[in-house]
Amino acid sequence: MSVPNSAPIKPVITHPRNVIVATDCGSTTTKAILIEKVGDEYRQTYRGEAPTTVEAPFEDVTRGVLNAIAEIEELSGRKILDGDKIITPCCDAKTGVDIYISTSSAGGGLQMMVTGVVQNMTGESAQRAALGAGAIVIDVLASNDGRLPHEKIERIRTMRPDMILMSGGTDGGAVTHVVEMAEYISAADPRPRFGATYKLPLIYAGNKAAQPQVKTILGEKTALVLTDNIRPVLERENLAPARNKIHDLFLEHVMQQAPGYKKLIEMAGAPIMPTPAAVGVIMETIAKREHLNLIGVDIGGATTDVFSVFEGHFNRTVSANLGMSYSISNVLAEAGLANIMRWVPFTIDEQSLRNRIKNKMVRPTTIPQTLDELQIEHAIAREALRLALIHHKSLATALKGVQQERTISDVFEQQQSGKTLIDMLKLDLIVGSGGILSHAPRRVQSMLMMVDAYEPLGVTRLSVDSIFMMPHLGVLSTIDEKAATDVFVRDCMVYLGTCVSPIGHGKDGERCADYAITFPDGRVDQGQLSFGDLRIIPLASDQKASITVQPAKHVNLGAGVGVAVTREVQGGVVGLLLDGRGRPLQLPTDHDARVASLTRWYQAVDLYPKAG
Amino acid sequence: MAHSYTPGLTVTEQAVVRRRRMLSLPGSVLVTTGETVRANQAVARAELPGKVYPLNLANQLGVAPDEIHEYLIKKPGDQVQKDEILAENKPLIKWFKTEILSPITGVVESVSNVTGQVLLREPPRVLELLGYVAGLIVEVIPEQGVVVETNCSLVQGIFGIGGETRGEIVIAVTAPDEVLTPRHLTADMKGKVVVGGSFISSDALVQAKEVGVAGLVIGGIHDKDLRALLGYDLGVAITGTEQVGFTLILTEGFGTIPMAGKTFNLLSAHAGQQASISGATQIRAGVIRPEIIIPKGAGVSDSRGTAPVPERGGIRIGDQVRIIRDPLFGKIGEVASLPSDLQKIPTESDVRVMEVRFADGSKAMIPRANIELIEGA
């Protein structure tokens, strides 16, 4: 399985780092944050943002960076810029910063094409390597992908990736198929997305025995880099060397071609990281530090990234066309109208809804002005989150094609190799990020969107990124883990609370479980959770309580059907959410009954203002 | 909020626009700096390498890959005709002879003794890049393309499908709020750029195709009709390569929305003139909006200016704006006031707003993110 995500080499920094400015250059907005050491701890103090300036008429990413930093200057009163330069290190208490760092996903991020021999073996390993390094995988080519050779060549030629990762074969195995793929790539003569004159970077991380042939075939036509096989033997993945090479080539080749990035690299005190790679680093750090299984999601305007760490295995996927603005129409196309409508607690005609969604697509920066519009966006977000998790589950798997030893007890459990690693019962924490979750007018809206989309089982804690600063903290953690941790804990994570969701079904009003909650002050709250109930018990972020749940005979809370569970639960800005709606979540199929159920649930947790 | 307003679409009688015309692969530029070009004139040319056909000769001949050189009739670099013999074996008995014929006319590109594969390539296809707009060549990028500058009237749309085309502007309706129906579309509109009003129905789209219009410029369309036209549900707004028979440009959005008076009047004023239009839309990372460019006079720029599109400082009281989100979607008014404090809207979000005054004198507070400036002098 995949190894932990690799971080770039740490630069040597000698002066103290008390004031840090970090930016994330997104496709549309460049977001800057200022981090200052206050006493013994680091805090995020100011933020600024400005439109990203990768495209014409500016064609220089640093313009947007300087504008975003200028906003921080105005707000903080600190002088950071001297013309087009960032003053480093600090000269006095109100001048300069000690280091500037940045991430980037501007210009569509890092777009890669990967190849393997067997699609669900080396093809998937290559995909995991590229995704883990922060790339968007635009296609996976494999010898057995069902396409005819000339179709593969045509596909390679029409795609204009920033980079290609080639894998295939175990070390010492047959070379024919890998060499064949190299021949196809050579025949296609692929061209990079940016810069008509430079050679396309290509990483070969397949069978070592085929390296000489690959070098002969592709050495002249591409900027070829050879590295260790990502699947040296069937039973093991070795993704780190390929990921490191992706990061290196991203900086050396791809970013050098993007407008203004040479300057940006010079300005920064640490290597620029692709935004999703930085978010991945911070997710892994949280999981490791707190020994958690977690799922993180970053739902943006164009893409939705899902990260998971289960039993120490890190995985990332990107659903390139699931998002809340540029890709909103694609959520409708993929989920279908009925799936979106099932979350909307009122009646709206199909034509009007379809037109509204398309209008958001063509004018992506608009915001919901009425409550109806907000509820429609939240309904779409639930579906985007749900689909992205399905995609993630299909890729975050144990290795496929590996021989398994079976005993007689396994006879009735015909599990295939390559089972998903995502086990919702073992999930401890869900971390949400991205505009729709971070900026929801009420925090309970973010919590319920994630609960409805992910359907957590048993006891699961939820949180959101307060103002989308995980990328900044990810890159910061590669140079100063303490600073990143301080800010992450104090300013970034907003704990929403804990969701308790029994598995099973029953008629509305029927007993689902009995519960007893012991609060820190010794108070005990006892009650019954019925099927169809959704209830919030206030419990502050800094409080922990003990909950004992006795599920009904046919209901399971993770320990077995009808078996009582006692857990310590953490509070949050929302509190404790007791979800008696059953799992898997089934909404009434009848329109009126569904609207009535949604209205009851939304009112029970005070999801929206009453006026709507 | 950083986005205090959406920059908006340009609708202007007078603009100097530059269009970068780039080949997708290196080739030769056919014009020089200072030269005047027509819209349909080729400005650059490239040879697109032909399609590649792999043939596994080793498998077909039943020999080891490293032996196939012995059986080849044609060597790498040789020209081949369709059905010409590429390779053959030499059995003792003639009846067992196997001949491998070339499936295409082209050239033998390579032979691999690892895979036993021969790659054949079809002859290159010549790609000609047209000027697109009539104007002056102001820059030549060697081997890659040119920059054409034109002095023109310019209308940007919000969304379009279909690529570059051109034709004479013809106004099919009498008012910007009139719906374009099949009866408006007549045979004499073939090859022309037809301007409609607030909406086009699905049967009018069919009629437009039958008539053979070059382009349609319209206020709005229903998403379901777009889906029917394309044959699929458009997920992401990256367009320009669709082949539906004409180029479609929406000036306002989805639904029935009267075309902005300024846009309608400008296009009406140029009825009978040639326009270059493009439906290409890309909303993510580097916005490309569909456009209608109407070059002035002989199509030659008389401007010596270098700034193609003037930049604005920001939004001002009295500016004309379009509301781009429900519940007042599509309404046009002017900025009455710009309160600086954040205001709570019905969703409970605190946002920056502006007061918009409509033609009937009524006013409404609208989030600044939900208005679009109607730009252009």
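A few notes on this one:
- Sorting B:Asp350, A:Asp508 by the number of Cβ atoms found within 10 Å of their own Cβ, with the fewest placed first, yields B:Asp350, A:Asp508.
- Residue-span extension gain [A:Thr518 to A:Ala398] - 0.36 nm each, minus C-alpha spacing: 39.3 nm
- Three principal axis lengths of the stretch B:52-121 [C-alpha, angstrom, descending]: 32, 25, 15
- Number of partner chain Cβ atoms within 10 Å, mean per residue of A:213-223: 1
- Comparing B:Leu205, A:Leu448, A:Val475 along the charge dipole axis of the protein assembly as shown, the residue lying farthest to the positive side is B:Leu205, per the Cβ-charge model.
- Look at the dipole of the protein assembly as shown built from charges on Cβ: of A:Ser186, A:Leu399, A:Ile376, the Cα furthest out on the positive end belongs to A:Ser186.
- Angle between chain B longest axis and helix B:202-211 axis [Cα atoms, degrees, rounded to 10]: 60
- Calculated over the stretch B:320-375: convex hull of Cα atoms, volume per residue (Å³): 75
- Each label was represented as a point 7 Å from its Cα along the Cα-to-Cβ direction; for A:Leu75 and B:Ser340 these points are 1.7 nm apart.
- When you work out D = kT/(6 pi eta Rh) for chain A at 4 °C and 1.567 mPa s, using the Kirkwood radius from C-alpha pairs as Rh and the Stokes-Einstein form, the result is 50 µm²/s.
- Dipole magnitude for the stretch A:522-610: about 100 debye, using +1 per Lys or Arg Cβ and -1 per Asp or Glu Cβ, origin at the Cα centre.
- Amide H contacts of A:Leu110 (H built 1.01 Å from N, under 5 Å, at least 5 apart or other chain): A:Ile136
- Look at the stretch B:234-242: the mean tally of other chain Cβ atoms within 10 Å of its residues' Cβ atoms is 4.
- Under 22 Å from the Cα of B:Lys97 - lysines, other chains or at least 8 residues apart: B:Lys74, B:Lys75, B:Lys82
- Candidates B:Asp83, B:Asp233, B:Asp326, ranked by Gaussian network fluctuation over chain B, Cα under 10 Å, top entry: B:Asp83
- When the Cα gyration tensor is reduced to axis lengths a ≥ b ≥ c, the ratio a/c is 1.5 or higher for the stretch A:19-97, and with a/b above b/c it is classed as prolate.
- Kyte-Doolittle mean at least -0.5 and Cα axial length at least 24 Å: DSSP H helices in chain A: A:371-395
- Nearby aspartates and glutamates by direct alpha-carbon distance to A:Lys152 (threshold 15 angstrom, same-chain neighbours under 8 apart not counted): A:Asp139, A:Glu180, A:Glu183, A:Asp189
- Electrostatic bookkeeping for A:Met469 treats Lys and Arg as +1 and Asp and Glu as -1; over the other residues with beta carbon under 11 Å from its beta carbon, the sum is -1.
- Spin-label model distance (nm) - B:Thr98 vs B:Ser201, 7 Å beyond Cα toward Cβ: 6.4
- For a label point 7 Å along the Cα-to-beta-carbon line of A:Ile390, residues of the stretch A:435-466 with backbone N under 18 Å: A:450-456
- Set of lysines near A:Lys360 by C-alpha distance (under 26 Å), chain-local residues within fewer than 8 positions excluded: A:Lys31, A:Lys610, B:Lys224, B:Lys262, B:Lys331, B:Lys344, B:Lys363
- When +1 charges are put on Lys and Arg Cβ atoms and -1 charges on Asp and Glu Cβ atoms, the dipole computed for the protein assembly as shown relative to its Cα centre reaches about 240 debye.
- Counted by Cβ distance under 12 Å from A:Ala278, the other residues give a net charge of -3, where Lys and Arg count +1 and Asp and Glu count -1.
- The protein assembly as shown: antiparallel DSSP beta bridges as a percent of all, rounded to 5: 70
- Simple label model, 7 Å out from Cα along Cβ direction - A:Val561 to B:Arg316, nm: 7.5
- Charges were assigned to the Cβ only: +1 to each Lys and Arg, -1 to each Asp and Glu. The resulting dipole of the stretch A:109-263 about its Cα centre is roughly 480 debye.
A short reminder: the numbers here are calculations on the coordinates, not readings from a lab. Since this is a predicted model, take the numbers as computed values, not measurements. FYI the Cβ positions are ideal-geometry reconstructions off the backbone, even for glycines, and counts take in every protein chain you see.
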